[in-house]
Amino acid sequence: MSLRRRTFLLGGVVGTGAGLVAFRSAGAAAAAYPFTLGVASGEPSADGFVLWTRLAPSPLALDGFGGMPDVPATVEWQVASDQYFGTVVAGGTATAVRASAHTVHVTVTNLLPGREYWYRFRVDGQISPVGRARTAPAVGTSPALTMLFASCAHFGNGYYTAYRRMAEDHPDLILHLGDYIYEGASADVRTHAPAKEITTLADYRVRHAQYRGDVDLQAAHHAAPWVVVWDDHEVENNYAGMVRENDTPAGDFATRRAAAYQAYYEHMPLRSAQAPNGPNLQLYRRLRWGSLATFHMLDTRQYRMDQACGDGTKVCPEADDPARTITGATQESWLLDGMGQHLATWDLIGQQVFFAQRLSSSDGAKSMDSWDGYTANRTRIQNGWQSRGNTSTVVLTGDVHQHWAANIMNSYAGQDRVIGTELVSTSITSGGDGNAASDGTSSLNPHVKFNKNLRGYVRTVTTPTQMNVDFRVVDKVTARDYPVRTEKSYVIQAGNPGLQNP
């Protein structure tokens, strides 16, 4: 079915800065609005990206179907080179069905590289908000990239002001490094739906819908394409492969994990290559941003061995067992093979848990959930990128609910040579307001240079010669609409790894 610009303009969709307002005709307004969860784009390539939406006039309906009847819906989509849709460059239709909660994933191709585009959807006369997307630059070009990354957005712990501020930074790209949702029932500021620990497909769909309904999160999705990976809370806290944290609530974990993975795919702007296959979903993948940067996106949950010594923070010789892996052998080889291709100036590894060594006490206690619990795997990867000549490697991390910055060392015991850099984003809300006075840096970890326990995100501006890094913070998330500021900045030089003051 062809799209006519006139029928879209009757809906009068206009973008206004970071906020996007959808106006609907009087006739369309009589029906329940289906685009309550907004729109999103992701997985940018040089010729396109993925578009996403979900039809959900009653997004928190406990059956997980969002108030949609059990009939297919034809959803029209448009991509334009201007926000007013004066020049529509692509369009078509997609079919939303109940089996996938009436979600829509459209893979758009044949666009120009390195360009801004705007997109929207329509169904039964109802018009979606407008989103802004961007194609990656062409190979052989290296324009500057403004990229933000974030993680850990517990709905119950506070408001998503940091997401709103991310939209206001007008980024080219946003990375989310996990814990997009939380599975538990706890609530300090806002109440989770459903009000229990989620375990079924319907539960996970409702929880995703609740998060997606937040207008600040929608603003961040509408502002730029996203590249996402999960951590643990998209399923269950600290799970490892098919090993649960504990036996509560009861139930078959393979079935629960499959439900969580399906709901995750349904609600993220991912390509069909990431569609789940039973209880499995291959999320690790590589994206190119021209010849400037290669993003190696990892999955450190699905293939990891169980945490050593019963998890927690402790002294644990088992953590150094050469057989232990957090990535699995296949993903480890895939990562190093990709780094060895030298596709761009920068190798950016997007992943979940603290990568550099971080001792908690003088007796050598470390977190068993982080790479410190899988030291041989970390050493193989570090040695691998060194032997392949990768000198501009930056590891991007989430999980720990605080900002950190660290030099990655060839030997942490000897503190001999910096071979890479780790940037750790704090949480969007998880942990509540935090404590601005705390400082976790210490002589136990001289390579760890910065720590701040406030909520926020990390902003990077990358060129062929350097990466400028800003650790962005908001003072409170238990109250709405706090301003954002830069707490600390660093520069990382291409070919000269390590943190430098600007």
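The values are calculated or read from the model by the stated rules, or taken from the named source; none is laboratory data. Quantities reported herein were computed from a predicted structural model and do not represent experimental measurements. Note: ideal-geometry Cβ built from the backbone for every residue, glycine included; neighbour counts use all protein chains shown. SASA here: full protein model, heavy atoms, side chains in, ligands and nucleic acids out. Shrake-Rupley method; radii C 1.70, N 1.55, O 1.52, S 1.80 Å.
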Sorted from largest down, what three extents in whole angstroms do the Cα atoms of the stretch 347-401 have along their principal axes? 34, 23, 15
For every helix of n ≥ 4 consecutive DSSP H residues, a contribution of -39,500 (n - 2.57) applies; sum these over the chain, divide by its total residues, and give [θ] at 222 nm rounded to the nearest 500 deg cm²/dmol. -4500 deg cm²/dmol
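If I compute solvent accessible area with a 1.4 Å probe over the protein chains, what percent of it on the chain is carbon and sulfur? Before the final figure, lay out each step's value.
Details: 8640 of 17130 Å².
Ligands and nucleic acids excluded, carbon and sulfur give 50 percent.
Pulled fully out, how much extra length does the chain show between Asp82 and Arg98, if you take 0.36 nm times their separation in residues and subtract their Cα-Cα distance? Could the numbers behind the result be given before it?
Details: separation 16, 0.36 × 16 = 5.76 nm, distance 3.28 nm.
This chain segment gains 2.5 nm when fully extended.
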Estimated Rh, the stretch 244-311: Kirkwood, alpha-carbon pairs, angstrom: 14.2
Sort by residue number and name the cysteines in the chain that have no neighbouring cysteine Cβ under 4.7 Å. Cys152
Any chance you could give the angle, 0 to 90 degrees and rounded to 10, that helix 201-212 forms with the longest Cα principal axis of the chain? 90
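Write down the Å³ per residue value for the convex hull defined by the alpha carbon atoms of the chain. Present the calculation step by step, with values, prior to reporting the outcome.
On the way: hull volume 68.4 nm³, N = 502.
Enclosed volume per residue, from the Cα hull, is 136 Å³.
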Percent of Cα-Cα distances greater than 17 Å, calculated over the stretch 337-431: 52
Relative contact order for the stretch 387-447 using alpha-carbon pairs under 8 Å, separation at least 6, rounded to a whole percent? 36
Given Cα pairs under 8 Å that are at least 6 residues apart, what percent is the relative contact order of the chain? 14
Rolling a 1.4 angstrom probe over the protein heavy atoms, how many square angstrom per residue are accessible across the stretch 455-502? 43
Restricting to bridges with both residues inside the chain, how much of the DSSP beta-bridge set is antiparallel, in percent to the nearest 5? 80
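P(r) tail for the stretch 40-131, what percent of Cα pairs lie past 16 Å?
Values: 2300 of 4186 pairs.
Cα-Cα pairs of the stretch 40-131 separated by over 16 Å account for 55 percent.
Please get the size of the charge dipole for the stretch 84-141, origin at its Cα centre, with Cβ charges of +1 on Lys and Arg and -1 on Asp and Glu, quoted in debye to the nearest 20. All intermediate terms of the calculation are to be shown ahead of the outcome.
Working: 6 positive and 2 negative charges, 14 e Å.
Roughly 60 debye for the stretch 84-141.
How many percent of all Cα-Cα pairs in the stretch 184-308 sit more than 23 Å apart?
On the way: 2883 of 7750 pairs.
The calculated P(r) of the stretch 184-308 puts 37 percent of pairs beyond 23 Å.
Keeping all protein chains in place, calculate the accessible area per residue for the stretch 148-245 (probe 1.4 angstrom), answer in Å². Numbers along the way, then the final one.
Working: 2110 Å² over 98 residues.
On a per-residue basis, the stretch 148-245 sits at 21 Å².
Based on the mean of other beta carbon atoms within 10 Å per residue, what is the order of 305-313, 422-430, 220-228, most packed first? Provide the component values of the computation, followed by the final result.
Working: 305-313: 16.9, 422-430: 27.7, 220-228: 25.8.
Per-residue Cβ counts within 10 Å, averaged per peptide and sorted highest first, yield 422-430, 220-228, 305-313.
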Based on Cα positions only, what radius of gyration and what Dmax would you give for the stretch 397-502, in angstroms? 14.4, 46
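In square nanometres, what is the average projected area of the Cα convex hull of the stretch 51-98?
Projected over every direction and averaged, the Cα hull of the stretch 51-98 covers 4.1 nm².
Ignoring ligands, DNA and RNA, what accessible area per residue does the stretch 368-436 give at 1.4 Å, in Å²? Before the final figure, lay out the partial values.
Numbers: 1760 Å² over 69 residues.
Per-residue value: 25 Å².
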For Asp321, placing the label point 7 angstrom along Cα-to-beta-carbon and taking the stretch 379-405, residues whose amide nitrogen sits under 11 Å are none
Would you mind calculating the relative contact order of the stretch 112-266 from Cα pairs under 8 angstrom and at least 6 residues apart, reporting the percent as a whole number? 23
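Can you pull the Kirkwood radius for the stretch 448-492, inverse mean 1/r over Cα pairs, to one decimal in Å? Please report the intermediate quantities before stating the final value.
Numbers: mean 1/r = 0.0859 Å⁻¹.
Kirkwood hydrodynamic radius for the stretch 448-492: 11.6 Å.
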Once the Cα atoms of helix 329-339 and of the chain are each reduced to a long axis, what angle between those two axes, in degrees from 0 to 90 to the nearest 10, is obtained? 90
